[in-house]
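Asker: Next up is a structure, given as structure tokens.
What follows is calculated from the coordinates using simple rules that are stated; it is not laboratory data. All values derive from a computational prediction rather than experimental measurement. Cβ: placed from backbone, ideal geometry, glycine included. Neighbour counts: every protein chain shown.
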Amino acid sequence: MSIIIKPNPTMLGWEVQTQKLYNQHGQSLKDYKMLVRSDSGALLNVCKKSYRPTLNAKFKETVEKMSKITGFEFNGYVEAYGGKRLFAYLKSENQKVAGFDFENYMVIGNSHDYSSGFFIATVHEMLRCQNQWSKLKKGSLHTIPHTSSSEERISELVLRFENYMEELNRNKRKLEIWKEIEISPVLREMMIERVLNIETGKEDSMPTRTQKRFDSLNLAMDRELRDVGNNLLGLFQGVTYYTTHLLNQKSKVFGNLIGNAYTVNERAKEFCESVVEGTLDNIELNIN
């Protein structure tokens with residue numbers, strides 16, 4: 001079982017620094033530089049000399065601005081991949097969704113390894129089981145490339161939290177619809193095949209590692225379908241229970257924002273959306 005890295009208000013007490021890059025002969029590479037942590041000297045990125053990193057001070061300033069504008073309480077930072085990716089959590093309103101209590105977070109992210117500019121994500125946690133999943137926002141309203149105009153575009157970002165609130169309402173309605181769709185054993189098998197990328201019915205010939213994943217996911221689904229109901233929401237929660245509590249991953253951040261846990265949750269979410277849209281073949285939906 002993986003250890004989940006939880007938000008910590010005292011984290012991110014370091015800054016990004018630049019250093020010269022040398023080849024094996026000790027010669028300086030004039031067109032490139034290194035980005036390193038000020039506290040440990042650990043490498044964050046090798047980039048062109050013209051690249052302008054977005055400093056942690058700017059990131060923290062943006063988080064503080066967003067907290068003041070939205071009224072959302074700052075919950076802490078998470079550092080992933082040695083600080084190459086950063087997440088700040090702002091706790092927003094709790095919701096009662098489909099009869100269950102949820103906590104929601106606005107997450108502001110940044111990276112020092114080219115993987116992203118500033119971005120906004122939503123994180124949802126069902127309190128009864130602490131299952132977690134996220135929605136990474138895409139598009140010009142939610143991401144800011146690391147360019148010379150970053151400061152101006154960051155100023156625009158902090159004024160657009162309305163998009164986050166709209167996303168919460170869409171998510172609430174989506175989960176309520178999922179709870180009304182009764183599932184069949186066939187639909188359950190299709191979900192397992194989709195999220196694990198396997199073919200069911202051939203368990204005896206599966207590699208040991210795949211068999212363990214298969215068994216763990218089935219146990220998670222049994223648990224959540226029993227507690228939530230034999231419906232699409234229970235099936236989805238079975239997957240999020242698996243990714244949050246049972247999936248073996250080197251490290252996971254709160255909300256399952258990175259790695260295999262995020263990928264599996266995305267597959268499950270897309271599967272449920274396909275069921276609602278009627279784009280899965282040969283599936284007869286039973287609406288309660």
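Asker: 222 nm [θ] for the chain, helices only, -39500 (n - 2.57) per DSSP H run of 4+, per residue, to 500?
Answerer: On the way: 7 runs with 103 residues, N = 288.
The helix-only estimate for the chain comes to -11500 deg cm²/dmol at 222 nm.
Asker: Could you run the Karplus curve 6.51 cos²θ - 1.76 cosθ + 1.60 with θ = phi - 60° over region 234-240 and give me ³J(HN,Hα) per residue in whole Hz, x for Gly and Pro?
Answerer: Values per residue, Gly and Pro as x: x, 5, 5, 5, x, 5, 5 Hz.
Asker: Calculated from the structure, Cα Rg over 2.2 N^0.38 Å equals which of (i) 1.12; (ii) 0.99; (iii) 1.30?
Answerer: (i)
Asker: Here is a follow-up. Using DSSP loop states and a limit of at most 16 other Cβ atoms within 10 Å to flag trypsin sites (Lys or Arg not before Pro), what is the longest stretch of the chain containing no flagged site?
Answerer: Here the longest run is 50-127.
Asker: Would you kindly state the longest site-free stretch of the chain, with sites defined as GluC sites (Glu not before Pro) in a DSSP loop (not H, G, I, E, B) surrounded by at most 13 other Cβ atoms within 10 Å?
Answerer: Between exposed loop sites, the widest span is 94-198.
Asker: Among bridges DSSP assigns within the chain, what percent are antiparallel (round to 5)?
Answerer: In the chain, approximately 95 percent of DSSP beta bridges are antiparallel ones.
Asker: Quick check: the angle from helix 56-70's long axis to the longest principal axis of the chain, C-alpha only, nearest 10 degrees?
Answerer: Taking Cα atoms only, the helix is inclined about 50 degrees.
Asker: Also: Taking amide H atoms as placed 1.01 Å from N in the peptide plane, list the residues 5 or more away in sequence, or in a different chain, whose amide H sits under 5 Å from that of E180.
Answerer: Here nothing satisfies the definition.
Asker: Enumerate the amide H contacts of V253 below 5 Å, restricted to partners 5 or more residues apart or on another chain; note that Pro and chain-start residues carry no placed amide H.
Answerer: I5, I258
Asker: Of Y81, V276, L127, whose Cα points farthest to the positive end of the dipole of the chain (charges on the beta-carbon: +1 Lys, Arg; -1 Asp, Glu; origin at the Cα centre)?
Answerer: Y81
Asker: Under 5 Å between amide hydrogens, which residues at least 5 positions from N231 or on another chain qualify, with H placed 1.01 Å from N in the peptide plane?
Answerer: I183
Asker: On a 0 to 90 degree scale, rounded to 10, what angle separates helix 208-228 from the longest Cα axis of the chain?
Answerer: Orientation of helix 208-228: about 70 degrees from the principal axis.
Asker: How tilted is helix 185-196 with respect to the longest principal axis of the chain? Cα atoms for both, answer in degrees (0 to 90, nearest 10).
Answerer: 20 degrees
Asker: Now a separate question. What is the local net charge at G255, summed over the other residues whose Cβ is closer than 12 Å to its Cβ (Lys, Arg +1; Asp, Glu -1)?
Answerer: After counting each charged neighbour, the total is +2.
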